[in-house]
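To start, the structure under review is shown below, and the notes come after it.
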Amino acid sequence: MNDKTVIAQKIINDATEQANLYIEQTQSEIEQQIALEKANAEALVQKAEQEAAIAGELLVERTATIARLDGKKVMLNAKQKLVQTVFSTTLECFKRLDEKQYFTFVLGLIEK
């Protein structure tokens, strides 16, 4: 291999390692956020079910359904925010690459 290829491969390897590390960190944050949102959603469902039990069986069914949907909406919203954060952060990482690093990274992806 010539020096340029070695340097390009080093840049690609470094960028890949950084991307993998960022993905692992972000995935951990996503899992923590999902667990928190799930706990919040479950608390909402439980509260709604308790209140509905007082009002009667039909009201319990309707309220539980609504609470589950609300819980799903909360989780979906959290996931959407986290995905947006991941994309924004990744974009910022790419914006910080100079033109040579960017093209080297893209070339490495194409070669795979």
Out of Thr65, Thr16, Thr26, sole residue that is polar (S, T, N, Q) and more than 27 Å from Lys100 (Cβ to Cβ): Thr65
Test for Lys79: is it under 27 Å from Lys95 (Cα atoms), assigned to a helix (DSSP H, G or I), charged (D, E, K, R) and more than 18 Å from the chain's Cα centre (by Cα): no
Matching entry among Glu51, Glu37, Glu61 (being touching a Lys or Arg at 6+ places or on another chain (Cβ under 9 Å), assigned to a helix (DSSP H, G or I) and either under 30 Å from Asn13 (Cβ atoms) or of a type in the set (Asp, Glu) (or both)): Glu37
Subset of the range 26-67 [under 17 Å from the mean Cα position of the chain (by Cα), loosely packed, with under 11 Cβ neighbours inside 10 Å and either under 30 Å from Leu107 (Cα atoms) or modelled with pLDDT under 85 (or both)]: Ser28
Residues being surrounded by fewer than 10 Cβ atoms within 10 Å (Cβ to Cβ) and either within 15 Å of Lys112 (Cβ to Cβ) or among the polar types (S, T, N, Q) (or both) - total across the range 1-24: 2
Test: residue in the range 44-52 that is farther than 27 Å from Leu82 by Cβ and among the acidic types (Asp, Glu): yes
Some residue of the range 96-104 being surrounded by 11 or more Cβ atoms within 10 Å (Cβ to Cβ), assigned to a helix (DSSP H, G or I) and of a type in the set (Asp, Glu): no
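The values are calculated or read from the model by the stated rules, or taken from the named source; none is laboratory data. What you are looking at is a predicted structure, and each value in this text was computed from that prediction instead of being measured. When we count neighbours, we look across all protein chains shown, and the Cβ atoms used for this are built from the backbone with ideal geometry, even at glycine.
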